[in-house]
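The values are calculated or read from the model by the stated rules, or taken from the named source; none is laboratory data. Please read these numbers as outputs of a predicted model, since none were measured by experiment. FYI the Cβ positions are ideal-geometry reconstructions off the backbone, even for glycines, and counts take in every protein chain you see.
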Amino acid sequence: MYLNQDGAIPAGETDIAPKFGYTLNEEQSFCEVNDEKIENAAFTYECGLLGFYNLNRKGTKCSLYFDLIPDNENPTLSISTSGTDNSIIVKANTTDNIGIYYYYFQLDNEEEIRTEENSYTFEGLEKDSVHTITVRVEDAAGNVASTSKEVTVGLKSGGFILASENAPTGQTNDWTNQTTYYYTGNPNNWVQFAGFWWRIIRINKDGSIRMIYQGVADSANPDNGNIKGTETQIGTGAFNSSGNNKTYVGLVYDGSTQHGYGTNSTIMNSLNTWYNNNLTSYETNYIDTGTGFCSDRNMANGYDWNSNVVYYAPHDRMNGGASLQCNSEDVLSQDNGKLPNPIGLLTSDEYVFAGSGNSYLYTEQTYWTISPAGFNNSRAEVFIVNVYHNHNAMSVNSPWGIRPVINLRSDVQITGSGTVSDPFKVVGAS
């Protein structure tokens, strides 16, 4: 076999048929027996596979010539990394009009490693050491693209995601007055954990990962996370069984005081049942039990708790001014004894920060948030995310969708790049 022009493979004789980027020159190619050409010899060539026809004599020899397809378009390239305490896994994410022929991976100034695979693992590295990873790709015509990034060995959880290609772009302070980084729009913030799809809401300063339920992961269809509709919910139900008490806007409440707890709302019972059936075995090693959820029951400006008609603080922020600040009494977690399990719901503020109905949080369904809206004599209301691309208040005894929210621990290890086809995954947890 012969290549007529230089490309990824130098011109001249070759013992491997090119995978792509070439055409078979049928006029120049020939087969012969005893130096006599076979006139009716025929060939096919597709994706590196060769076919031969009308050859039935012992001792037949063929000479095949390939022409490089003209191509002046450079590939595009980005890289994502994952790893363990002593390794870095590098993945090259590329596009090209014909296809990538070779991938070259380099650690710091060491020799390049050439492969036909789009990923490579550098092993035997020291935890917390920082390395420069360089990737170069070459298409069949010899067009190249390259890029580099610094990678810290053993980055955990949120730190790994913040250093990835698909990191969150927004930031604000949460109720601990520490920076939290949140996703906006329609990003690559996909996670597979515990057999379910999730979308990351935000990364907290301590590296814990806050994420919302997206559906059941289907191992037979690994891209099925890109779904909307009722599959993004664990079911539907009322937030609470009755709306005739202003305290019923709490995920937990006590029936008499503004910031009380001790009694589970109807939706809290639904969340607990689902958690106990699906996530309890993951809690010790993977789920953060202390980050908590904000059930902001402060009063809106101009309202008094003792009145028959009240609006809660999230109502003031409904049309702007979103905030992740929270009264310490309204931070609900398992660690502080206010929640039976470390599971909650999205806040209306998180919905606004994400971009409201023009974001990944829009599922073509109406579902509950955790955020109280108000109370008017006998109607307690909590904010919902609705099918009309916005959020509004709804009576707590209405049946709407339930989408659990959990926090992953800051010390878990994460792999992947966050796309549907290569989601973030927690090492050791299916």
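For Asn407, indicate whether it is out of contact with any Phe, Trp or Tyr (no Cβ under 7 Å at 6 or more places or on another chain), under 25 Å from Asn264 (Cβ atoms), surrounded by 23 or more Cβ atoms within 10 Å (Cβ to Cβ) and among the polar types (S, T, N, Q).
Values: out of contact with any Phe, Trp or Tyr (no Cβ under 7 Å at 6 or more places or on another chain): yes; under 25 Å from Asn264 (Cβ atoms): yes; surrounded by 23 or more Cβ atoms within 10 Å (Cβ to Cβ): yes; among the polar types (S, T, N, Q): yes.
Criteria met by Asn407.
Could you please give the count of residues in segment 4-54 that are aliphatic (A, V, I, L, M), surrounded by 11 or more Cβ atoms within 10 Å (Cβ to Cβ) and not in a strand (DSSP E or B)?
Total meeting the criteria: 6.
Condition test on Gln178, is it without any contact (Cβ under 8 Å) to a residue 12 or more places away in the chain and out of contact with any Cys (no Cβ under 6 Å at 6 or more places or on another chain)? Step through it out loud before you land on a result.
Details: without any contact (Cβ under 8 Å) to a residue 12 or more places away in the chain: no; out of contact with any Cys (no Cβ under 6 Å at 6 or more places or on another chain): yes.
No; evaluated as a whole, the condition is false for this residue.
Among Val90, Val144, which is over 30 Å from Asp296 (Cα atoms), touching a Pro at 6+ places or on another chain (Cβ under 8 Å) and not small (Gly, Ala, Ser)?
Details: Val90 fails: touching a Pro at 6+ places or on another chain (Cβ under 8 Å).
Answer to the check: Val144.
So which residues in segment 389-410 are at pLDDT below 90 and farther than 18 Å from Gly243 by Cα? First the steps, then the outcome.
Step one: of segment 389-410, the residues at pLDDT below 90 are 389-392, 410.
Once the filter is applied, which keeps residues that are at pLDDT below 90 and farther than 18 Å from Gly243 by Cα, segment 389-410 yields His389, Asn390, His391, Ser410.
Quick one: would you say Asn166 is surrounded by fewer than 22 Cβ atoms within 10 Å (Cβ to Cβ), farther than 22 Å from Ser348 by Cβ and of a type outside the set (Gly, Ala, Ser)? It would help to see each step written out before you state the result.
Numbers: surrounded by fewer than 22 Cβ atoms within 10 Å (Cβ to Cβ): yes; farther than 22 Å from Ser348 by Cβ: yes; of a type outside the set (Gly, Ala, Ser): yes.
Considered against the rule, which asks whether it is surrounded by fewer than 22 Cβ atoms within 10 Å (Cβ to Cβ), farther than 22 Å from Ser348 by Cβ and of a type outside the set (Gly, Ala, Ser), Asn166 comes out as yes.
So, in segment 55-72, exactly how many residues are assigned to a loop (DSSP other than H, G, I, E, B) and surrounded by 10 or more Cβ atoms within 10 Å (Cβ to Cβ)?
Narrowing segment 55-72 to residues assigned to a loop (DSSP other than H, G, I, E, B): 55-60, 64, 69-72.
Those left that are additionally surrounded by 10 or more Cβ atoms within 10 Å (Cβ to Cβ): 55, 57, 60, 64, 69, 71.
The total comes to 6.
Considering only residues of segment 329-342 that are farther than 15 Å from Thr257 by Cα and touching a residue at least 60 places away in the same chain (Cβ under 8 Å), which is surrounded by the fewest Cβ atoms within 10 Å (Cβ to Cβ)? Full working, then the answer.
Taking segment 329-342 and keeping what is farther than 15 Å from Thr257 by Cα, we get 331-337, 339-342.
Cutting the leftovers down to touching a residue at least 60 places away in the same chain (Cβ under 8 Å) gives us 331-332, 339-342.
Numbers: Val331: 19, Leu332: 22, Leu339: 23, Pro340: 15, Asn341: 20, Pro342: 22.
Within segment 329-342, the match that is surrounded by the fewest Cβ atoms within 10 Å (Cβ to Cβ) is Pro340.
Which of the residues belonging to segment 403-430 are part of a strand (DSSP E or B) and of a type in the set (D, E, K, R)? I'd like the intermediate steps shown before the answer.
Step one: of segment 403-430, the residues part of a strand (DSSP E or B) are 405-408, 414-415, 424-426.
Across segment 403-430, the qualifying residue is only Lys425.
Would you check if Thr134 is modelled with pLDDT of 95 or more and β-branched (Val, Ile, Thr)?
Spelling it out, Thr134 is indeed modelled with pLDDT of 95 or more and β-branched (Val, Ile, Thr).
Could you tell me whether Asn118 is surrounded by fewer than 16 Cβ atoms within 10 Å (Cβ to Cβ) and either of a type in the set (D, E, K, R) or at pLDDT below 95 (or both)?
The answer is no for Asn118.
Collect the residues in segment 102-129 that are touching an Asp or Glu at 6+ places or on another chain (Cβ under 6 Å) and assigned to a strand (DSSP E or B), keeping them in residue-number order.
Filtering segment 102-129 for residues touching an Asp or Glu at 6+ places or on another chain (Cβ under 6 Å) gives 102, 104, 106, 127.
Result: Tyr102, Tyr104, Gln106.
List every residue pair whose Cβ atoms sit under 6 Å apart, with the two residues 6 or more apart in sequence or on different chains, where the first one lies in segment 52-80 and is assigned by TED's automatic domain parsing to the domain that holds Ala11 and the second, anywhere, is of a type in the set (A, V, I, L, M) and surrounded by fewer than 16 Cβ atoms within 10 Å (Cβ to Cβ).
What qualifies is Tyr53/Ala42; Asn54/Ala42; Arg57/Val33; Gly59/Val33; Thr60/Val33.
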